[in-house]
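Okay, structure first, notes after.
The values are calculated or read from the model by the stated rules, or taken from the named source; none is laboratory data. Given the structure is predicted, the values throughout are model-derived calculations rather than measurements. Here the Cβ is made from the backbone with ideal geometry for all residues, glycine too, and neighbour counts use every protein chain on show. Note: accessible area is taken over every heavy atom of the protein model, side chains too, but ligands, DNA and RNA are not part of it. Shrake-Rupley method; radii C 1.70, N 1.55, O 1.52, S 1.80 Å.
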Amino acid sequence: MQADSTNIAGKVVVITGASSGLGEAIARYLAARGATVVLGARRVDRLQALVEDITGDGGKAIALATDVTDAAQVQVLVDAAVARYGRIDVLLNNAGLMPHSPLERRKIDDWDRTIDVNIKGVLYGIAAALPHDDHLARGRRDRAA
């Protein structure tokens, strides 16, 4: 079955965890179908290589070093997308990790890191993007009136 790309072309998509795995694959997939991708991850060298691949194939992409455990860095990523492209259509909070040790080992630092990336990182992304969502902002203004 062929994927319908009519809803993808022209969209501005911010992707966290974009330097490898699913994030990288999603970025390539969407860019190949006409989306503009704004990529964030900690591994800048991999991000830059991905941007070069996408733009070399005629796609649109930018990347910023982003650690999703730092709300300010996530805000910079989202703001860069809006500053450069005027909006965000989709935010893919893809960054995530999973410690691979039995619970009885009590690797509490791993648990904390998992919560920071997998939960707080998602919330930081939502918090960064919400002020740029015109539909939601309009609804908040209407309720306040």
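So the values come out like this:
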| item | result |
| --- | --- |
| Test: residue in the stretch 62-69 that is of a type in the set (D, E, K, R) and open to solvent by 60 Å² or more (accessible area, probe 1.4 Å) | no |
| Some residue of the stretch 97-117 being surrounded by 17 or more Cβ atoms within 10 Å (Cβ to Cβ) and not in a loop (DSSP other than H, G, I, E, B) | yes |
| Residue within the stretch 79-89 that is of a type in the set (A, V, I, L, M, F, W, C), part of a helix (DSSP H, G or I), more than 24 Å from Asp133 (Cα to Cα) and under 14 Å from the mean Cα position of the chain (by Cα) present | no |
| Search result, residues across the stretch 77-106 that are of a type in the set (D, E, K, R) and either in contact with a Ser or Thr (Cβ under 6 Å, 6 or more places away or on another chain) or over 14 Å from Thr66 (Cα atoms) (or both) | Arg84, Arg87, Asp89, Glu104, Arg105, Arg106 |
| Hits in the stretch 51-78 - residues which are hydrophobic (A, V, I, L, M, F, W, C), touching a residue at least 12 places away in the same chain (Cβ under 8 Å) and not in a loop (DSSP other than H, G, I, E, B) | Val51, Ile54, Ala61, Ile62, Ala63, Leu64, Ala65, Ala71, Val74, Val76, Leu77, Val78 |
